[in-house]
Amino acid sequence: MSIVLYHHPWSRAASSVWMLEEVGAPYELRWVDLMAGGQRSPEFMKLNPMGKLPVLVDGTAVLSESAAIALYLGDRYAPGRLAPALDDPARASYLRWAFFSPSVLEPAAAAKSSGGNFNAVAVGWGEYATMLDAMEVAIGAGPWLLGEKFSMADTILGGTLRFLLTFKMVEPRAAFTRYVSRLEARPAFQRAVARNEAVAAEHNLKR
């Protein structure tokens, strides 16, 4: 087993467990005690100077950032299945919506919920309502971002959208809630939830 995910079930690493379950590669979870500052230990800071989860180590490859981890896993362990081939035209939409989550959706929702003022021309997400409309169009054709074919882009965008809906940071449009329900029904997603809950129980974590 070469893949190690530095993990805490109350962090973004929880979504990386889902990504690993989707690709089906064997992996090990390595506990990082966030409450005790484990993410700031010298060992961990060598892997990610940001001091944040998730971090995935695969042999000599070290990755942080959830979207990067998802794209890496798809290309390395599920090419053609969860990641369109380099010469597949569908890869354009795949990359577009994979990057939409961290560079558009998440910062837009954070700015909106914090009440911050921003210049729609200057920021990457532009008009907030237009951003939601664009995402609704992408999801509405469904069932997945690439039509009938589920991909790692769905774990990235879908995972973020699910989180934002849970904390009421995004308008619960019908297309969004139906999409998240389809994601939650996936066996890999359910296995990831069980794995995260087991780790939480092991370490006696209570919300």
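When you check residue 172 against the structure, is it touching a Gly at 6+ places or on another chain (Cβ under 8 Å) and without any contact (Cβ under 8 Å) to a residue 24 or more places away in the chain, yes or no? Criteria not met by residue 172. Checking each residue in region 78-101 for being part of a loop (DSSP other than H, G, I, E, B) and either in contact with a strand residue (DSSP E or B) (Cβ under 6 Å, 6 or more places away or on another chain) or within 27 Å of residue 21 (Cβ to Cβ) (or both) picks out 78, 80, 81, 82, 84, 85, 86, 88.
In region 160-181, the residue that is surrounded by the most Cβ atoms within 10 Å (Cβ to Cβ) out of those that are within 22 Å of residue 70 (Cα to Cα) and among the aromatic types (Phe, Trp, Tyr) is 179. Taking into account only those residues within region 104-133 that are closer than 15 Å to residue 161 by Cβ and in contact with a Gly (Cβ under 9 Å, 6 or more places away or on another chain), which is surrounded by the fewest Cβ atoms within 10 Å (Cβ to Cβ)? Going through the qualifying residues, I end up with 110. Residues considered: 171, 106. Of these, the only one that is at pLDDT below 95, in contact with a Ser or Thr (Cβ under 7 Å, 6 or more places away or on another chain) and not assigned by TED's automatic domain parsing to the domain that holds residue 25 is 106. Of the helices (runs of 4 or more DSSP H) contained entirely in region 102-207, those carrying at least 3 residues that are under 20 Å from residue 14 (Cα atoms) and in contact with a Pro (Cβ under 7 Å, 6 or more places away or on another chain) fall at 187-202. Selection of first residues in region 54-78 that are touching a residue at least 40 places away in the same chain (Cβ under 8 Å) and of second residues that are of a type in the set (S, T, N, Q) and not in a helix (DSSP H, G or I), restricted to Cβ pairs under 8 Å at least 6 apart or on distinct chains, gives the following pairs, ordered by first then second residue: 54/11; 54/64; 55/48; 55/64; 56/64; 58/2; 59/2; 74/151. Just one of the listed residues (23, 17) is β-branched (Val, Ile, Thr) and either free of Cβ contacts under 8 Å to residues at least 24 places away in the same chain or closer than 18 Å to residue 199 by Cβ (or both), namely 17. Tallying residues that are touching a strand residue (DSSP E or B) at 6+ places or on another chain (Cβ under 8 Å), among the aliphatic types (A, V, I, L, M) and under 22 Å from residue 94 (Cα atoms) within region 152-207 yields 2.
The values are calculated or read from the model by the stated rules, or taken from the named source; none is laboratory data. Predicted model only: the values in this text are computed from it and were never measured. No Cβ is skipped: glycine too gets one built from the backbone with ideal geometry, and neighbour counts run over all protein chains shown.
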